[in-house]
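Each reported figure results from applying straightforward, stated rules to the coordinates on display, with no laboratory input. Since the structure is predicted, the reported quantities are computational estimates derived from the model, not experimental observations. Cβ sites come from the backbone with ideal geometry, for glycine too, and all protein chains shown count toward neighbours.
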Ligand code: LIP
């Protein structure tokens, strides 16, 4: 079995190539191809082209591995699985907001051991290998520590369905008065990397899927953050929560009584 470092290098190479393709092919106004869970949940032709490229590169290098992709679903079996978000932050991509990413994680026997988030418009490639730290441009990343909740800059995001958003707004109304401020970047993968890089102190969101948080979750954890869900659960679409130990618990205890996993 290859090491996390070998998987990480391959993931980085593929995420870099997908990013170059997206930058080269992105028209001034990308067109919506289809909508998914709601009229605002969009897929562009380039989401699909990016996933096709990533799948082709993985298959060429590792024909027996399984792949879970946001657009193409689940294929293959075996101990190694690649978790792919071909464009995380598709609405930003559509509008030309420079905050979208290609996210690739590699899981062996159910555990993520390597992750890459290429925040393409910023030319930033965040990487992590389990036990080897999180890195950006040759610098080891460390999340902010010792920040109390009332001084914390917290990133969050919102789903695409109206009823879920109404709950998220209600939860946010309780969080906002208790923290330094809120940021809504529009890419969960990038938000998790922002925790790793100390650009925000914490992040929470109801709704991100495995392809949104797989790679970024490892990057944040390797930068010293705690990453999980409610009540000791691992990250899951019910809630993704991430911050340094201490702030994680404060944020958790603020959110838990608000029942943030409900959808209306
Ligand atoms: C998006 C996230 C965003 C979140 C949205 C959505 P997509 O992913 O990264 O931060 O708030 O609900 O999940 O749809 O652009 O891949």
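The table that follows gives values for the structure above.
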| quantity | calculated |
| --- | --- |
| Value of [θ]222 nm, deg cm²/dmol, for the chain, DSSP H segments ≥ 4, -39500 (n - 2.57) each, nearest 500 | -11000 deg cm²/dmol |
| Residue order, fewest to most beta carbons within 10 Å, for 93, 248 | 248, 93 |
| Separation in nanometres of the label points that stand 7 Å from Cα toward Cβ, at residue 249 and residue 160 | 3.8 nm |
| Cα shape, the stretch 180-250, gyration tensor, a/c 1.5 rule | rounded |
| Highest-MSF residue in the chain out of 152, 243, 114 [GNM, Cα springs under 10 Å] | 152 |
| Value of D in µm² per second that Stokes-Einstein yields for the stretch 81-198, Kirkwood Rh from Cα pairs, at 4 °C (1.567 mPa s) | 82 µm²/s |
| Mean Cα-pair separation over length for the chain, i.e. relative contact order, pairs under 8 Å, 6 or more apart, % | 17 percent |
| Length released on extending from residue 9 to residue 199, taking residue separation times 0.36 nm less the Cα-Cα span | 65.9 nm |
| Dimensions (Å) - the stretch 112-153, Cα atoms, principal axes, largest first | 32, 28, 19 |
| Tail fraction, Cα-Cα pairs, the stretch 1-145, threshold 25 Å, whole percent | 28 percent |
| Residue of 124, 52, 170 that the Gaussian network model of the chain assigns the largest fluctuation, springs spanning Cα pairs under 10 Å | 170 |
| Compactness index (Cα Rg / 2.2 N^0.38 Å), the stretch 145-264 | 0.92 |
| Max mean-square fluctuation residue, GNM over the chain, Cα-Cα springs under 10 Å, options 218, 192, 172 | 172 |
| Extended-chain gain in nm, criterion 0.36 nm per residue less alpha-carbon gap, residue 38 and residue 109 | 22.2 nm |
| Residue order, fewest to most beta carbons within 10 Å, for 126, 158, 7 | 158, 7, 126 |
| Neighbour-count ranking [beta-carbon atoms within 10 angstrom, fewest first] of 106, 5, 179 | 5, 179, 106 |
| In Å, descending, principal axis extents of the Cα set of the chain | 50, 41, 32 |
| Gained length - residue 60 relative to residue 20, 0.36 nm times residue gap less alpha-carbon distance | 12.5 nm |
| The stretch 60-202, relative contact order [Cα under 8 Å, separation at least 6], % | 19 percent |
